[in-house]
Amino acid sequence: MIMSNTWQAQLADAYIDPLTLLKDLGIDPNDLPEKIALRNDFAFKVTRSFAARMKLGDPRDPLLRQVLPSIEEAKMAPGFHLDPVGDLDAIEEPGLLHKYQGRVLLITTGACAIHCRYCFRRNFPYQEQQLAKRRESLSLERIKEDPSISEVILSGGDPLVLSNERLRTLVTAIAAIPSIERLRLHTRLPIVLPSRIDQELLAILQKTRLKVIVVIHSNHPNEINDEVHQALEALSLQGITLLNQTVLLKGINDDADLLSHLSHRLFEVGVLPYYLHLLDRAQGTQHFEVEERKAKAIYEALLSRLPGYLVPKMVREEKGAPSKTPLIG
Ligand SMILES: *Cc1c(COP(=O)(O)O)cnc(C)c1O
Ligand code: SF4
């Protein structure tokens with residue numbers, strides 16, 4: 001029997017059928033603002049922990065909208081592509097992306113605990129490009145050969161769906177490269193599966209000589225409940241720097257009041273806002289795009305009402321650019 005309280009068991013117990021979730025939330029599919037797509041190449045997946053923060057009976061709930069597949073996804077729109085940010089051009093080894101000076105990104109896995117419909121990597125060829133175990137040493141060799149690299153970013157998918165054993169091996173191998181000073185994890189798990197932040201993981205991150213940065217991904221203040229707060233506090237107590245990135249999403253968080261509330265809420269739980277991303281134009285996500293003019297107006301409102309350290313940088317990712325591109329300077 002699987003222990004029902006482990007994070008692995010919770011991951012295995014995620015909702016994989018939108019109609020079951022809607023039933024549990026007491027929502028009639030006919031009341032949804034957009035029809036749901038029941039067959040989809042990018043499967044439906046959401047943890048029960050995240051679903052428990054959705055409002056019962058609310059077909060427009062902002063957490064629900066992030067995960068519910070809509071028939072809009074099948075539409076083609078000009079400017080929306082399979083590889084919107086040029087990831088495939090930046091691959092040095094399978095699983096190793098080197099776009100920006102001084103830091104490299106490892107695609108450690110294609111798996112996530114939740115499938116966000118707006119995901120920029122929803123069409124990424126993970127089968128070919130994830131960091132398979134046997135290729136791991138090759139990628140690490142490449143990193144070792146380039147002493148200008150001082151930071152390794154674990155990404156995916158979500159690096160925290162890897163087992164502690166796998167992470168320990170990876171972190172140890174990275175820490176053995178003398179030029180690497182910082183280890184960064186980009187993960188949604190502290191938000192969507194807070195039980196993942198277990199004692200063993202904390203010990204791995206605490207013992208390494210590397211400075212650790214965890215960039216969480218929260219789009220809405222309703223995502224941050226007590227359980228999330230505790231997971232984040234446990235990370236902070238290990239001296240880990242906590243940052244957040246948000247994707248600006250139409251009908252979910254495209255509102256200055258809401259985003260200032262999110263910044264304050266993040267600060268309460270020990271996290272500083274880092275990036276506010278304009279949507280990457282991945283095929284099937286155009287219904288989430290916020291018009292640039294509106295995005296700028298939201299950003300100016302944030303600047304005028306928040307202390308500087310609570311204003312995330314508003315950026316977009318452009319193919320071939322030397323960094324994320326700030327929308328306004
Ligand atoms: C976004 C990204 C990074 C990180 O960029 P920062 O501005 O340092 O947060 C690094 N590598 C790749 C390939 C990226 O897409
Ligand atoms: S957790 Fe991140 S990588 Fe995974 S589906 Fe969501 S946005 Fe995409």
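General remarks:
- In plain terms, the chain from A12 to F42 could stretch by 9.1 nm, reckoned as 0.36 nm per residue minus the Cα-Cα distance.
- Check: the range 7-74 dipole with +1 on Lys, Arg Cβ and -1 on Asp, Glu Cβ, in debye: 180 debye
- In the range 88-326, a dipole from Cβ-located charges (positive for Lys and Arg, negative for Asp and Glu) runs towards its positive end, and of L106, V152, A90 it is A90 whose Cα lies farthest in that direction.
- Between helix 226-237 and the chain: long-axis angle, C-alpha atoms, 0 to 90°, nearest 10: 20 degrees
- Using a Gaussian network model of the chain in which every pair of alpha carbons under 10 angstrom is joined by a spring, one finds that among L235, L310, L138 the greatest mean-square fluctuation is at L138.
- Karplus-derived HN-Hα couplings along the range 310-320 (A = 6.51, B = -1.76, C = 1.60, θ = phi - 60°), whole Hz, x at Gly and Pro: 9, 9, x, 6, 8, 9, 10, 9, 10, 3, x
- Entries in K144/K313; K99/K319; K75/K319 that, when Cα-Cα distance is taken, lie over 21 Å: K144/K313; K75/K319
- Pair-distance profile P(r), taking every C-alpha pair of the range 7-74, with 10 angstrom steps and integer %: 21, 57, 21, 1
- The range 304-319 and the range 172-251: distance between their alpha carbon centers, rounded to Å: 20 Å
- Rolling a 1.4 Å probe across the protein heavy atoms gives the chain an accessible surface of 46 Å² per residue.
- Alpha-carbon Rg with Dmax, taken over the chain, Å: 19.2, 58
- When the Cα positions of S260, A321, N40 are compared along the charge dipole of the chain, A321 comes out farthest toward the positive end, with charges on each C-beta of Lys, Arg, Asp and Glu.
- Positive-end extreme of charge dipole, the range 163-235 - chosen from P221, T208, I177 (charges on Cβ): I177
- Put a plus charge on the Cβ of each Lys and Arg, a minus charge on the Cβ of each Asp and Glu, and nothing anywhere else: the dipole of the chain about its Cα centre is then about 400 debye.
- Accessible surface of the range 7-74, 1.4 Å probe, proportion on carbon and sulfur as whole %: 49 percent
- The charge dipole of the range 86-175, taken about the Cα centre with unit charges on the Cβ atoms of Lys, Arg (+1) and Asp, Glu (-1), comes to about 300 debye, rounded to the nearest 20.
- Spacing of the modelled spin labels on R293 and R305, each 7 Å from Cα toward Cβ, amounts to 2.2 nm.
The values are calculated or read from the model by the stated rules, or taken from the named source; none is laboratory data. Nothing here was measured: the structure is a model prediction, and the numbers come from that model. Here Cβ is always computed from backbone atoms with ideal geometry, including for glycine, and neighbour counts include all displayed protein chains. Accessible surface is based on the protein model in full, side chains and every heavy atom, while ligands, DNA and RNA are left aside. Shrake-Rupley method; radii C 1.70, N 1.55, O 1.52, S 1.80 Å.
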